[in-house]
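For reference, the structure is listed below as structure tokens.
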Amino acid sequence: MTTRTRRGIIALFGLVALVMLVQKILDVRADRHLQSVAAELTRKYGSLYPGILNLPKVPADENRAAYLRAATDLVVFESDTWKWIPRAYGETRLNTLDTHRSALQALLARNTLPLELARKSRGLSKSNWDIQYASGIHADSPPYQRINHLSSLLHAGGLVELKENRPEAALDWIETGLALAGSLRGEARTSPLWGPVFDMAPISALREVLIKSEPSAAALASVQRAIEVECTGVPASRVIFAEIVMIHDRFREFESGNSGWLPVGFGRFLFSSLADWRPFRWVVHPLIVELHALALERAETASRFADTPWYGRHGDPLKTFDEEKVPGWVRWLDSSFLQSSWMISIDNGYLNRTRVGVALASVALRRYRIDHGAYPDRLEALCPAYLKEIPIDLLTGEPVAYKRLGEGFELRGTPAPRDGEASQRKKYDRVLTWTIPR
């Protein structure tokens, strides 16, 4: 063996030893970082075991979601109908009813059984969609698409009743839609965020009822109670805590050798090709552990802002959250689990709560006018006989804006002032402003 060969072998062994040393140092450092973050989260939230996400069982005859799941399974919903039916989480579109009313009535008639099951579910207070949220990489979720179909049918049924000048019957459909949306609020993970999505349709239809008709005081009081029960705000930190638990569990799955879930965006193809090769897994293990720790820290940052509405924050936490320093190598990997979209969803939830407050105040104002012959000059006149408390605009911290307009009134909440989102601002300005002419 020549001297040059021996030197090459020695250099190779030295390089391997150096790589092993560096890998070990990085592995220990990443592991300490992860253990520190996990210990802090355990101290703050309690157990991070994913089994805590699954809800207690509810007997079928007491379970609202059991009725609703059966209803969603029975819905007959043709794809061509979907093109023109008023959408569950879109704006109310009464103009479609004039063109397609007969077809829509036929569709409602074909869905008599699921709609009746949905209506019966309103009498049940307990709800569990029986989802295995803690089943690792195969975690389930409620059937949102089928729920959307059922919600759209309920929305359309209420609008048909309104067109037929039966406002009390329209409010009955609206209450059923609210019960469907409310069934998701007690679920785990991101499911509670879908509750406000699916109550957009019945609340939008409620505005049309107030604009175009004169329902009785009793029917209005009933729908107001339904809004108070079904549209209660869900603490956003509870949603993020569930995501923290699942992030922790899925990373541990990957670190233990299960490559079915890959925690990267840009490097997904690379990881899927090499993840089962042991030398590769050994080399990238410190990287994965560090990503694990950073993902938990990112989620905890969102949680710290989650239960504080806009007016209670210092500065702009959405901007702070988006611009929080994340290492460049993480951005290069495009790690989508470090979700800045969390804060957008959370803040949309606060805007939805403002919208619910506007709806409650609008119904209370109509009930006041029925009893007194005219709307009050100030919202304070509604409390406590017609309204428990004056709704707060969660962007400003002030009561929602109210003014008399002739024989009617206008209630207004403030849309979030986000740069570059003019269309979203216009949308929320539309749903947060209720102009009732009668």
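Each reported figure results from applying straightforward, stated rules to the coordinates on display, with no laboratory input. All values reported here derive from a predicted model rather than from experimental measurement. We place every Cβ from the backbone using ideal geometry, glycine too, and count neighbours over all the protein chains shown.
In this label model, residue 45 and residue 285 are separated by 2.6 nm, measuring between points 7 Å along each Cα→Cβ vector. A Förster radius of 60 Å, combined with the Cβ-Cβ distance separating residue 102 from residue 10, puts the computed FRET efficiency at roughly 0.10.
Note on residue 253 and residue 32: their simple-model spin labels are 3.1 nm apart, each label 7 Å out from Cα toward Cβ.
Extension gain, residue 24 to residue 113, is 25.7 nm, computed as 0.36 nm per intervening residue step minus the present C-alpha separation. Pairs over the 29 Å Cα-Cα cut-off, from the set 44/388; 163/388; 212/388: 44/388; 163/388.
Normalised by 2.2 N^0.38 Å, where N is the number of residues, the C-alpha radius of gyration of region 1-74 stands at 2.49. Applying the criteria of a DSSP loop state and at most 12 other Cβ atoms within 10 Å to the trypsin sites (Lys or Arg not before Pro) of region 13-74 yields 57.
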